[in-house]
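Participant: What follows is a single structure, and I will ask about it in a moment.
The values are calculated or read from the model by the stated rules, or taken from the named source; none is laboratory data. Since we're looking at a predicted model, the values are computed, not measured. When we count neighbours, we look across all protein chains shown, and the Cβ atoms used for this are built from the backbone with ideal geometry, even at glycine. Surface accessibility is based on the protein's heavy atoms, side chains included, excluding ligands, DNA and RNA. Shrake-Rupley method; radii C 1.70, N 1.55, O 1.52, S 1.80 Å.
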Amino acid sequence: QVQLVESGGGLVQAGGSLRLSCSSSGRSLSTYAMGWFRQAPGNEREFVATINWIGSSTYSADSVKGRFTISRDNAKNTVYLQMNSLKPEDTAVYYCAASTQGGVVAIRRNYDYWGQGTQVTVSS
């Protein structure tokens, strides 16, 4: 069983930065593709970024390219989302997810495990 726990969310001013972390207290994440999604009130959960099992390939949504960076440290069993130049429209609950497919995975239904989410609020 993979249990994912996100941390690092909070309140930040526009233009600021946050780094989200996602770790597992159970099984190792080293064989899973990992992803970050977000959901704002009244909106569908949307893809943000994904990274393959070894960390050699990433893919991000156009809305965050050049601002957000996904990375992983398999030795620490942790995945990160570095968010820079934050905008008010980035405000959402951010979810970490794990997929048994090893490559980059941008489709929500292809993820097998989800965390509980962490709130990110960007003030203008």
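Participant: Within the range 13-30, is even one residue under 23 Å from V2 (Cα atoms), at pLDDT 95 or above and open to solvent by 60 Å² or more (accessible area, probe 1.4 Å)?
Facilitator: Yes, the range 13-30 has at least one match.
Participant: Restricting attention to the range 96-117, which residues are outside any strand (DSSP E or B), at negative phi and of a type in the set (G, A, S)?
Facilitator: Hits for the range 96-117 are G102, G103, A106, G115.
Participant: Give the residues of the range 48-62 that are in a loop (DSSP other than H, G, I, E, B) and open to solvent by less than 60 Å² (accessible area, probe 1.4 Å), sorted by residue number.
Facilitator: Within the range 48-62, N52, G55, S57, A61 meet the criteria.
Participant: Oh, and also: Please go through (1) in contact with a Cys (Cβ under 7 Å, 6 or more places away or on another chain); (2) free of Cβ contacts under 8 Å to residues at least 40 places away in the same chain for D62 and return the number of the only condition it doesn't satisfy.
Facilitator: (1) is the only condition that D62 fails.
Participant: Those residues that are under 12 Å from T50 (Cβ atoms) and buried (at least 20 other Cβ atoms within 10 Å of the Cβ), I need them from the range 96-115; list them, please.
Facilitator: Selection gives C96, A97, A98, S99, V104, V105, Y111.
Participant: Residues to consider are V93, V120; find the one that is open to solvent by less than 10 Å² (accessible area, probe 1.4 Å) and either in a loop (DSSP other than H, G, I, E, B) or of a type in the set (A, V, I, L, M) (or both).
Facilitator: Going through V93, V120 in turn, just one is open to solvent by less than 10 Å² (accessible area, probe 1.4 Å) and either in a loop (DSSP other than H, G, I, E, B) or of a type in the set (A, V, I, L, M) (or both): V120.
Participant: Within the range 71-120, track down each residue that is at pLDDT below 95 and among the hydrophobic types (A, V, I, L, M, F, W, C).
Facilitator: Of everything in the range 71-120, those that are at pLDDT below 95 and among the hydrophobic types (A, V, I, L, M, F, W, C) turn out to be A75, V104, V105, A106, I107.
Participant: May I pose another question? For the range 75-90, enumerate the residues that are open to solvent by 10 Å² or more (accessible area, probe 1.4 Å), more than 20 Å from G26 (Cα to Cα) and out of contact with any Lys or Arg (no Cβ under 6 Å at 6 or more places or on another chain).
Facilitator: K87, P88, E89, listed by residue number.
Participant: Inspect the range 36-46 for any residue being open to solvent by less than 20 Å² (accessible area, probe 1.4 Å) and within 12 Å of W114 (Cβ to Cβ) and give the result as yes or no.
Facilitator: yes
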